[in-house]
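Structure record follows, encoded as structure tokens.
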Amino acid sequence: MTRTRSTPCMTTLSPTIRNGALLFLAASSLLGVACGVRDTSASPEPEQSSAMTSADHTNPATSSASGSEKSADVAAKERLVRSDEEWRRLLTPEQYRILRQAGTERAFTGAYWDTKEAGLYSCAGCGQELFVSDTKFDSGCGWPAFFEKIEGANIVEKPDHSHGMVRTEVVCGRCDGHLGHIFPDGPPPTGMRYCINSAAMTFEPANAD
Ligand SMILES: [Zn+2]
């Protein structure tokens, strides 16, 4: 089976395209590194205590509850629980790696990092609406970035101390899928930056009726 795939696909590309691709990859990794450095410095270690949970980032459960006017019915519908086997079957390998195993796609490789089209971004796991394009901005980091979630969207924030960094992970509150991280270095009016993996979302253009 692997034999048929062993022909390097690069040979089918013209030299120009190949060079272009290499250049792009090189540029991507350079920028990715620069961005990573900035991220690290942007999560100030001395401020661990204040970074824990700022006052305006109250319990997501509370805020989402106040955001929806339809009480218990909605709350019951809020959670989507599937077995690992089901997730593996329903998601693409990349979606599974990111949503279910808290993976991260490489910078500048995702489908939406550079998308400027108007539309709606939803969770690729459960379809919950998460972000609108109005709140998307160019963070230069190679991942889709938003300064605000959709009002009432059930996004849960969790402290993440992995990789020697102090970060805040953001997870879909409905299906528990890993989306990305949130950093306090976004633009006004919120000053926050939701840094989200493209593979964790689906995009619906606004004019696609
Ligand atoms: Zn979800």
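Points to keep in mind about this one:
- For residue 119, the residues 5 or more places off, or on other chains, whose built amide H falls under 5 Å of its own are 133, 134, 206.
- Sites listed here are GluC sites (Glu not before Pro) in the range 94-158 whose DSSP assignment is loop and whose Cβ has at most 13 other Cβ atoms within 10 Å: 117, 151.
- The magnitude of the dipole of the range 69-209, with charges of +1 and -1 set on the Cβ of Lys/Arg and Asp/Glu and taken from the Cα centre, is near 400 debye.
- Taking amide H as placed 1.01 Å from N in the peptide plane, the amide H of residue 179 sits under 5 Å from that of 170, 171, 172, each at least 5 places away or on another chain.
Rule-based calculations on the coordinates, nothing more; no lab input. All values derive from a computational prediction rather than experimental measurement. Here Cβ is always computed from backbone atoms with ideal geometry, including for glycine, and neighbour counts include all displayed protein chains.
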